Amino acid sequence: MLARPLLLLLALVPAARLPGAHGAPGPATLRPGDEREVTAAPAAPSTQGQLGEPVPEGGRLRLAEEKAAGGEARGTTKKAVRVKVVKKKVLKKKPKASGQGAATEQQPQCPPLGLESLRVSDFQLRASSIKRYGLGAHRGRLNIQSGIHDGDFYDGGWCAGHEDRDQWLEIDARRPTRFTGIITQGLNSIWTYDWVTSYKVQFSNDTHSWQPGRNGTEEVVFLGNKDPETPVLNALPTPVVARYIRINPQTWFENGTICLRAEILGCPLPDPNNIYSWENEPAVTDKLDFRHHNYKEMRKLMKEVNEECPNITRVYSIGKSYLGLKMYVMEISDNPGQHELGEPEFRYVAGMHGNEVLGRELLLNLMQYLCGEYTRGNPRVVRLVSETRIHLLPSMNPDGYETAYKLGSELVGWAMGRWTYEGIDLNHNFADLNTALWDAEDNELVPHKFPNHYLPIPEYYTFANATVAPETRAVIDWMQKFPFVLSANLHGGELVVTYPYDMTRTYWKAQELTPTPDDAIFRWLATVYATTNLAMVDDERRLCHYEDFTREGNIINGANWHTVPGSMNDFSYLHTNCFEVTVELSCDKFPHESELPREWENNKESLLVFMEQVRRGIKGVVRDKDTEQGIADAIIAVDGINHDVRTAFDGDYWRLLNPGEYEVTAAAEGYHPVTRTCRVSYEDNPTLCDFQLTKTPKQRLREILAKGGKIPKDLILRLRQLRLRKLRAQRQAQGGGLTPSGLCGDVEEGCALCGSRSLPHTLV
Ligand SMILES: [Zn+2]
């Protein structure tokens, strides 16, 4: 997910690129040590901007950039009441890039109720008062993102309608729950700064009588936030069992008002009277390793799958991250390590944004699942593995992931770990091939003078000092090495499937429908994933943040959402044969471990059925008619679609197409092109469309001459006939006789002959 708020976050990149004092990776938005005590004194200076400055005239409007650079408040706690403060969970950054994350040690036992994941519905959230509908209780969810327009229905948090200490946000857990902690964040907004600096909590079983949260006999005041974005966790001194919990703000940022986003940690207890039994977990039958895997654990799991299924798996690395973590790929095929003639290659890529972690776990689940089901003889999986060469890259940005993993699912916020260690957003880091193509198209040069596919990488991009991440280079090499046909790039933070182009054609537009020549099949591919994903098709579901993709079937043209120059999808489509879509898998970028079984169920069918789309369209082999040898690099052009594909090393090709009838032309250098009609049916099989190409006489002659061989009789005759035909045509056109130049200069095949060999020039 990128979306509007990241326009702000992009401005954080320079900060993100500065390694921490101890060489710790990632942006330094979190200053754990600063959070230990409440004082009236200004907070220690930090790398962040100053938010506590006088408000400019005309309200609290500030520039987006200003906010983006900001974070921590100065003197925010003047109003803070010095009551007994519970010792806070403090996040400590570790400089190590890998290793066991600290997340598990620091989090209380109970999982989040699901304000962020939307497991908690809008009806379970209430408030004492609201500022307006768009700032209602239902918006008080951790990491919720605001819409672009202030005052619309989709603002970035709950804001109370009054500024006093009687305001509260109430969460109904709908069953007896052992509450263990509260996480809060400020308001997500371009326009204002609002967060709660301290709060109390109350508990109830009936919403009438409320018990304050205590530490011993004293009522506890918890320390809240210091900036709008950094989540702050407070563990309850002792867990409390109740059904309802209220967050009751006591103090707030002095220039702001009472606004917050929250998540509640709690373990549901058995409830014999539970009338909400339909909300129980769906049965997850697959026994997979449902937890978050850091680098070492991921490597271990991949090794185990490989050991369990050595005949159909192979683990290889495509390169290293900036910090030297290997980018492992799991290959799954009936002949691992080999490209089989006619067998399409498929890839899933996850974790390009290190903090969008669900894709990584789903791919780890998928490899376990495929191995297990293949062994069990599940016919669908056996067919898939036998007919497809599958490559799974669970972590394209392993350095970013480790940063996010260390903070853990609830405290990572919205952006930590997104970028590489160098601060590069990998989804903007591929070469922009769109601009060159569109310039050539505007000048009507495509495809005659400028290719409509296999666009070359611009020179500037290949320079040693070009800002190209090692992770990007590794993926480009990988794309060039294997003849991938279809791919999906797994992200998180929304529920939608996007398809190319990702970049708007009008360069200054932030959003613009920008379809590819293959729009029809791309829409189909996106639809296949979206309509089989249980979370997307749930019509009870509410919006993740502020955009409604449900009306368009949960798919959207990437550029029509937000422009992304240098995206992996566009590069894949324009530089290789591979068609790639982006899947935004979940509202929550880093779902809690307890959500993983459900997320696997949500995505299992989609992941399988999307891979099976590699069978849609036509495939075949382009061969030399005489030698039967496959012809590499032959161009397959489909009439009416201004985007070609090419054959792989052995002459095999795959062309994704919707059902229909197509005029398909195979052309290769030195061969006469051949056109035939290929019909794509609705069957679950590609249509075979082989081509046999005949060498042009010129090519045959060239090859013979290169070998220093004798020119065979049939070739001499053929060349003569060609010359004759051309001359006759010329004579008819000119109405005149032959000229010496006409003998040689105008006959394509004759030129080489005239100059070098004494072939008879007799006209017979
Ligand atoms: Zn993303």
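Observations, loosely collected:
- Filter pass, G492 being within 16 Å of the ligand (Cβ to nearest atom) and open to solvent by less than 40 Å² (accessible area, probe 1.4 Å): yes
- Being out of contact with any Leu (no Cβ under 7 Å at 6 or more places or on another chain) and away from the ligand (no atom under 15 Å from the Cβ) holds for only one residue in S386, S395, and it is S386.
- Counted as qualifying within the range 687-764 are the helices (runs of 4 or more DSSP H) with 2 or more residues that are modelled with pLDDT of 50 or more, namely 697-707, 713-734.
- Subset of the range 605-639 [farther than 22 Å from Y454 by Cβ and surrounded by fewer than 20 Cβ atoms within 10 Å (Cβ to Cβ)]: E605, L608, V609, E612, K625, D626, T627, E628
- A count restricted to the range 232-256 and to residues that are open to solvent by less than 10 Å² (accessible area, probe 1.4 Å) and closer than 19 Å to Y193 by Cα stands at 5.
- Scanning the range 701-725 for residues that are in contact with an Asp or Glu (Cβ under 9 Å, 6 or more places away or on another chain) and crowded, with 17+ Cβ neighbours inside 10 Å yields L701, L719, L722, R723.
- Of the residues making up the range 386-416, those that are assigned to a loop (DSSP other than H, G, I, E, B) and in contact with a Phe, Trp or Tyr (Cβ under 6 Å, 6 or more places away or on another chain) are T388, S395, S409, V412.
- Residue match in the range 329-348 (condition: within 16 Å of the ligand (Cβ to nearest atom), open to solvent by less than 20 Å² (accessible area, probe 1.4 Å) and not in a helix (DSSP H, G or I)): yes
Matching residues to (1) modelled with pLDDT of 95 or more; (2) more than 15 Å from the ligand (Cβ to nearest atom); (3) open to solvent by 10 Å² or more (accessible area, probe 1.4 Å):
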position	(1), (2), (3)
Y401	yes, no, no
A404	yes, no, no
G408	no, yes, no
A415	no, no, yes
T420	yes, no, no
A431	yes, yes, no
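- Scope the range 495-507; condition in a loop (DSSP other than H, G, I, E, B), among the β-branched types (V, I, T) and either more than 27 Å from G640 (Cα to Cα) or free of Cβ contacts under 8 Å to residues at least 12 places away in the same chain (or both); matching residues: T506
- The conditions of being more than 23 Å from H391 (Cα to Cα) and under 15 Å from the mean Cα position of the chain (by Cα) are met by D502.
- Options Q145, Q124, Q167, Q185: the member that is of a type outside the set (G, A, S) and surrounded by fewer than 20 Cβ atoms within 10 Å (Cβ to Cβ): Q124
- Scanning the range 540-577 for residues that are buried (at least 20 other Cβ atoms within 10 Å of the Cβ) and away from the ligand (no atom under 16 Å from the Cβ) returns Y546, N554, I555, N557, Y573, L574, T576, N577.
- Counted residues, the range 595-633 - those being under 25 Å from V674 (Cα atoms) and either in contact with a helix residue (DSSP H, G or I) (Cβ under 7 Å, 6 or more places away or on another chain) or assigned to a helix (DSSP H, G or I) (or both): 2
- Filtering A510, A520 for residues that are open to solvent by 10 Å² or more (accessible area, probe 1.4 Å) and part of a loop (DSSP other than H, G, I, E, B) leaves a single hit, A510.
- Positions within the range 642-693 being surrounded by 14 or more Cβ atoms within 10 Å (Cβ to Cβ) and β-branched (V, I, T), in sequence order: V645, T647, V664, T665, V674, V680, T687
- Of E605, E580, E612, all but one fail to be within 18 Å of I390 (Cα to Cα), among the charged types (D, E, K, R) and within 16 Å of the ligand (Cβ to nearest atom); the exception is E580.
- Contact annotation: no residue pair with Cβ atoms under 8 Å, 6 or more positions apart or on different chains, pairs a residue in the range 482-494 that is under 14 Å from G342 (Cα atoms) with a partner that is within 16 Å of the ligand (Cβ to nearest atom) and modelled with pLDDT under 95.
- V638 vs. criteria hydrophobic (A, V, I, L, M, F, W, C) and closer than 19 Å to E340 by Cβ: no
- So N569, is it within 18 Å of H353 (Cα to Cα) and in contact (Cβ under 8 Å) with a residue 40 or more places away in the chain: yes
The values are calculated or read from the model by the stated rules, or taken from the named source; none is laboratory data. As the structure is a computational prediction, the values presented were derived from the model and not from experiment. Virtual Cβ from ideal backbone geometry, glycine too; neighbours counted across all protein chains shown. Quick note on the areas: whole protein, heavy atoms, side chains included, nothing else; ligands and nucleic acids left out. Shrake-Rupley method; radii C 1.70, N 1.55, O 1.52, S 1.80 Å.
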